[in-house]
Amino acid sequence: MPASAPDPHRARLRIGAPLAALALALGFLLALGDDYALRLLALSGLVATTALGYQLVFGHAGAISLFQGAAFGLGAYASALIARALTSELLLTIPAAMLTAGFAALLIAPALRRLGAHAFALATLAGAEILRLVAVNWESVTGGANGVAGIPPATLVGVELPRGLALALLAWGLFALAVFGVRWFTRGPFALGLALMREAPLAAEASGIDAPRRRLALFVLSAAIGGAAGALHPFTLGTVSPEVMEIGLLITALVVTVIGGSRRPAGAVLAALLIVHLPEWLRGFEEFYLILFGALLLATVLFAPEGLVDALEERLPFRRRVPALPAATQATVALQPADRGPLLEIEGIEKRFGGVTALAGVTLALAPGEILGIIGPNGSGKTTLLNIVGGQARADAGSLRFLGRDISRLPPHRRAQAGIARSFQTPPVVPGLSALDSVAAVAPGFGTQALQEARSRGLALLEFLDLAARAQEPMTALSPGQARLVDLARALMLRPRLLLLDEPAAGLADAERAELGTALRRLADQGTALIVVEHDVEFLIPLADRLACLEAGRLIALGPPAAVRGNPAVQAAYFGAAAA
């Protein structure tokens, strides 16, 4: 596809910034009436900032955290106590509030590292409740149920800021600063990796992405942003009480995130203004206003499940051209150089699933640049062996050595970082990502420069696999065979010394299979070893240096492809079974 060609799927115009500006302008028009209205506007800015932080862990990391309200409350208490005891200078109170909330999140982070979705949510809720009880019962510091009162007005570089318009502007200014900070994390390969982590966690781990570490880093950053929003709360209302740490604010942040869009800063603006102001606009309905408020929120969720901003953008007729593709050079495809000695040593590997033996004492060795094909009937243990080498499963007995190092207990992402990459029988498809970005997602780094470098290398790999013409196509538009090639390119982004391939030729036309075989041979010639699990022996025989056949978890033949194919035991176990 030429560099200047438009995306055939006509990517939607991103109107986040204009929509945010419009929402703010409307907010000011609605709020300039009196001090109470200005206070609501300030509170909506703090809610938007809190929700922006919550988007990191909920929208980008895909985790349900119930800690954001506690982070806001910690920031509020820290700011109020410092203001009353030392100074109300915001250049001190806001960083102190961020550090307090972030440190509290960091303290509980180790306990969250390996927890699944529901356990993660419950653990963060428990942490938030413990902090609320501390605020209620530590009366000598927090004032207990009465809270902290007598808070002096906020100052900024020594200038006192009166409540009203000044604090409203400051609240939204803080939101703008938070947006700039969040954008650094949510642009570049890191953000693409988060999408892969959310939608295809196994592929993310196999690509060297430490998903628990990324999730916890965003959890701590989310709490720090919530603490920054909480820092302005005492100056807005003049007091802080344990109510600020109750579940109400958390629910508000969650609702704003869902209503506005889980990864859209403009959605946080629009939804925060609506959530804070809508109850006031509906008070004329007297006792029915809460029912009407709930009905409107429910309707929004039903008719705009992806959020208000995405729903509005979907209906706009404007389109934009896709940015030009980066330059790609063949040099960026260069892989790891070959090493002397065994690359991979598999010694006596055993694996059982309940009473079923999947692998029974499998022993193999692999040299740099060698292609080992693995065949066998269904259920013979082929994919299980790949999973054990890749780290997706752990052997019950035996050992694995890679470059002389025992890797038997390393998690998948550590093995990927060490130089073991793999593709999957069912390739990961991340909705919303193009083929090129699906490849670039495994690269390290933040920001647009790192993204350009990742895309440049990704495009070179797609060219290497003769798929560059589909680089800007969404993954959902690719055929199964093309998706497999994109998955292979993703694995090659790691510059692996060992590449594990599970049914790479499935779904490919004859010409595509021939091109794939040529590409794999070129990889081996550059020093990359390959283990290829494949049902099609005709694809493996001209490609593999050696062939291994498994039956019921046992290695029954190993050697040159022609010799293994002619082995009577292989004929009976595999070819005869296939014919039957």
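Candidates in segment 217-271 are the residues that are part of a helix (DSSP H, G or I) and of a type in the set (S, T, N, Q); of these, the one that is farthest from P153 (Cα to Cα) is T257. Whether any residue in segment 562-573 is under 20 Å from A365 (Cα atoms), in contact with a helix residue (DSSP H, G or I) (Cβ under 7 Å, 6 or more places away or on another chain) and not in a helix (DSSP H, G or I) is what I want to check. There is no residue in segment 562-573 that is under 20 Å from A365 (Cα atoms), in contact with a helix residue (DSSP H, G or I) (Cβ under 7 Å, 6 or more places away or on another chain) and not in a helix (DSSP H, G or I).
Kindly establish whether R414 is in contact (Cβ under 8 Å) with a residue 12 or more places away in the chain, under 18 Å from L500 (Cβ atoms) and either touching a Lys or Arg at 6+ places or on another chain (Cβ under 9 Å) or not in a loop (DSSP other than H, G, I, E, B) (or both). Considered against the rule, which asks whether it is in contact (Cβ under 8 Å) with a residue 12 or more places away in the chain, under 18 Å from L500 (Cβ atoms) and either touching a Lys or Arg at 6+ places or on another chain (Cβ under 9 Å) or not in a loop (DSSP other than H, G, I, E, B) (or both), R414 comes out as yes. Checked against the criterion of being surrounded by fewer than 22 Cβ atoms within 10 Å (Cβ to Cβ) and farther than 23 Å from Q392 by Cβ, segment 432-443 contains one or more residues that satisfy it.
Put simply, of A101, A96, A105 the only residue that is within 14 Å of V57 (Cα to Cα) and either surrounded by 24 or more Cβ atoms within 10 Å (Cβ to Cβ) or within 30 Å of the chain's Cα centre (by Cα) (or both) is A105. Looking across segment 520-542, the residues that are crowded, with 19+ Cβ neighbours inside 10 Å and either closer than 21 Å to A365 by Cα or not aromatic (F, W, Y) (or both) come down to L520, L523, A524, T528, A529, L530, I531, V532, V533, E534, V537, L540. Condition check: touching a Gly at 6+ places or on another chain (Cβ under 8 Å), among the charged types (D, E, K, R) and in the same structural domain as G45 (by TED's automatic domain parsing). Does E139 satisfy that? For E139, the condition - touching a Gly at 6+ places or on another chain (Cβ under 8 Å), among the charged types (D, E, K, R) and in the same structural domain as G45 (by TED's automatic domain parsing) - is not met. Within the option set L485, L523, L461, L516, being free of Cβ contacts under 8 Å to residues at least 40 places away in the same chain, in a helix (DSSP H, G or I) and aliphatic (A, V, I, L, M) holds for one residue only, L485.
Can you tell me which residue is farthest from G369 (Cα to Cα) among those in segment 537-554 that are among the hydrophobic types (A, V, I, L, M, F, W, C) and outside any helix (DSSP H, G or I)? Among them, the one singled out is A552.
In segment 359-380, the qualifying residues are those that are under 35 Å from the mean Cα position of the chain (by Cα) and modelled with pLDDT under 85, and the one that is surrounded by the most Cβ atoms within 10 Å (Cβ to Cβ) is S380.
Filtered by the rule that a residue be under 17 Å from Q425 (Cα atoms) and part of a loop (DSSP other than H, G, I, E, B), segment 488-513 gives E503, P504, A505, A506, G507, L508, A509. The condition of being modelled with pLDDT under 85, assigned by TED's automatic domain parsing to the domain that holds I374 and part of a loop (DSSP other than H, G, I, E, B) holds for only one of Q392, Q425, that being Q425.
Assigned by TED's automatic domain parsing to the domain that holds E347 and in a loop (DSSP other than H, G, I, E, B): is that true of L385 in this structure? No. Residues in segment 466-482 that are in a loop (DSSP other than H, G, I, E, B) and surrounded by fewer than 20 Cβ atoms within 10 Å (Cβ to Cβ): D466, E473, S479.
Pairing each residue of segment 287-305 that is free of Cβ contacts under 8 Å to residues at least 60 places away in the same chain with any residue that is in a helix (DSSP H, G or I) and among the small types (G, A, S), provided the two are 6+ apart or on different chains, yields C-beta distances under 6 Å for A304/A311.
Select from segment 123-147 the residues that are without any contact (Cβ under 8 Å) to a residue 40 or more places away in the chain, assigned to a helix (DSSP H, G or I) and among the hydrophobic types (A, V, I, L, M, F, W, C) and write down the one among them that is farthest from L254 (Cα to Cα). Top of the filtered list is V134. Just checking, does segment 481-491 include any residue being more than 29 Å from L359 (Cα to Cα), of a type in the set (S, T, N, Q), at pLDDT below 85 and in the same structural domain as P368 (by TED's automatic domain parsing)? Checking segment 481-491: at least one residue is more than 29 Å from L359 (Cα to Cα), of a type in the set (S, T, N, Q), at pLDDT below 85 and in the same structural domain as P368 (by TED's automatic domain parsing). Within segment 266-280, residues that are surrounded by fewer than 24 Cβ atoms within 10 Å (Cβ to Cβ) sit with their Cβ atoms under 7 Å from residues that are assigned to a helix (DSSP H, G or I) and among the polar types (S, T, N, Q), at 6+ positions apart or across chains, in these pairs: I275/T252; V276/S44; H277/S44.
The values are calculated or read from the model by the stated rules, or taken from the named source; none is laboratory data. None of these values were measured; they are calculated from a predicted model. With ideal geometry, Cβ positions are generated from the backbone for all residues, glycine too; neighbour counts draw on all protein chains shown.
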